[in-house]
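In what follows, a structure is listed as structure tokens, so that the remarks can point back to it.
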Amino acid sequence: MNGFPQRPTLADVAAEAGVSTVTVSRVVEGSDKVAPKTRDRVQQAMSRIGYFGNAAASNLVSGRASTIGIITSNTADYGYAATIRGIEASAREHDMAVLIAVIEGTSDADIRKAVGTVASHAVAGVIVIDFDSAGHTILPALPAYLPVVSTNSPSEDIGGGRPYVSMDEYEGGAMMAEHLIAEGHRSIFILAPPDKRPVERRSLGILDALTAARLPHYPVVRCADWQPRSGYDGALELLEQYGEQVTAIACGNDEIALGAIRAVLDRGLRVPEDISITGFDDHPLAAFAVPPLTTIRQDFTSLGRLSFTLLDALIAGSEPHGDQRIAPELIVRGSVAAPNSARGLAIR
């Protein structure tokens with residue numbers, strides 16, 4: 001005995017309301033074969049004894065699952081959390097529940113565990129938060145019978161042809177580089193996100209913009225994770241190796257940029273007077289950094305909502321219509337200025 005009362009059943013509701021279990025079942029299913037007074041009596045009985053239905057049984061009756069799965073490696077960081085929030089909001093509007101399965105790593109055992117979590121719960125479909133190597137790895141492992149949507153456009157060797165909604169990260173990177181170039185920067189360094197795909201689009205957009213402007217490519221420093229400490233360590237590495245050549249650092253996300261700002265300050269330099277620093281994503285804290293952070297805004301909540309809309313269409317049997325990309329927006333604040341004339345390409 002666990003000390004808790006038993007979960008109420010249809011029979012308990014029927015006894016409380018003084019009707020048959022068939023009548024209670026019809027009320028739960030929303031059938032119009034129940035008189036209004038009887039329906040009210042049953043619903044009052046359900047409320048009194050705390051009966052909230054049985055989703056599994058309802059699925060068997062309706063033939064349609066009322067839960068979708070979300071697979072993610074992270075539920076706390078801004079981009080992940082905001083995307084999940086968008087999915088959940090849309091699911092609630094469609095009277096659907098959400099099951100979240102967290103991938104703990106990229107090993108075969110980790111992948112099997114996450115796939116088993118969603119596949120064993122009779123979900124209607126799955127959305128993969130595909131922002132990292134764990135998301136890339138799990139996509140091909142999901143059963144073909146499950147409708148699946150990814151939140152990132154897949155590389156050629158992953159994804160299994162699953163439909164997706166994505167941010168245009170390439171365009172965002174290009175926009176940021178073009179902004180720095182327009183400010184006069186000629187030695188732009190990259191603190192990249194911890195993304196191990198063959199093509200990481202944020203940095204690629206920056207590098208292609210540098211190529212178009214006939215500016216040098218410096219080795220990309222890839223951070224260990226999305227956190228400020230990685231940005232701090234990466235910025236110190238750049239300053240140790242390249243010193244006064246550094247006039248601008250384009251960071252893989254805003255948290256990395258916050259760490260980079262601190263590293264620059266700890267070296268006795270100023271932002272943006274000595275080194276300009278940019279972020280990516282437009283984290284809610286970006287506007288309150290010192291100085292306020294120039295960044296690329298990505299609408300993660302819309303990403304989540306569009307992902308649910310696409311999944312709902314797939315569940316209903318519709319075919320996806322082409323690529324769906326969310327356009328980035330350049331947000332100019334105080335962390336970028338014209339390069340310091342005492343720094344840059346001419347300095348050795």
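The values are calculated or read from the model by the stated rules, or taken from the named source; none is laboratory data. Fair warning: this is a prediction, and the values are worked out from it, not measured in the lab. Here the Cβ positions follow ideal geometry from the backbone for every residue, glycine too, while neighbour counts run over all protein chains shown.
Worth a mention:
- Set V128, V102, V98: member being among the β-branched types (V, I, T) and buried (at least 19 other Cβ atoms within 10 Å of the Cβ): V128
- Filter result for F280 (buried (at least 16 other Cβ atoms within 10 Å of the Cβ), aromatic (F, W, Y) and under 30 Å from L146 (Cβ atoms)): no
- Here Q324 passes the criteria (1) under 19 Å from the mean Cα position of the chain (by Cα); (2) modelled with pLDDT of 95 or more except the one numbered (2).
- Listed by first and then second residue, the pairs with beta-carbon distance under 7 Å, at least 6 apart or on different chains, first residue in segment 76-100 and in the same structural domain as V115 (by TED's automatic domain parsing), second surrounded by fewer than 14 Cβ atoms within 10 Å (Cβ to Cβ) and polar (S, T, N, Q), are A81/T75; I84/T75; I100/T75.
- Scan segment 168-211 for residues that are surrounded by 19 or more Cβ atoms within 10 Å (Cβ to Cβ) and not aliphatic (A, V, I, L, M) and the total you get is 16.
- Number of the condition not met by D281 [criteria: (1) outside the structural domain of R201 (by TED's automatic domain parsing); (2) farther than 17 Å from A235 by Cβ; (3) not hydrophobic (A, V, I, L, M, F, W, C)]: (1)
- Restricting attention to segment 331-345, the residues that are in contact with a strand residue (DSSP E or B) (Cβ under 6 Å, 6 or more places away or on another chain) and of a type outside the set (G, A, S) total 4.
- Condition check for V165: in contact with a Ser or Thr (Cβ under 6 Å, 6 or more places away or on another chain) and buried (at least 19 other Cβ atoms within 10 Å of the Cβ): yes
- T75 falls short on exactly one of the conditions (1) surrounded by 15 or more Cβ atoms within 10 Å (Cβ to Cβ); (2) assigned to a loop (DSSP other than H, G, I, E, B); (3) polar (S, T, N, Q); (4) modelled with pLDDT of 90 or more, and that condition is (1).
- Check on R229, under 30 Å from G125 (Cα atoms) and out of contact with any Lys or Arg (no Cβ under 7 Å at 6 or more places or on another chain): no
- Some residue of segment 293-313 being farther than 30 Å from I71 by Cβ and out of contact with any strand residue (DSSP E or B) (no Cβ under 7 Å at 6 or more places or on another chain): yes
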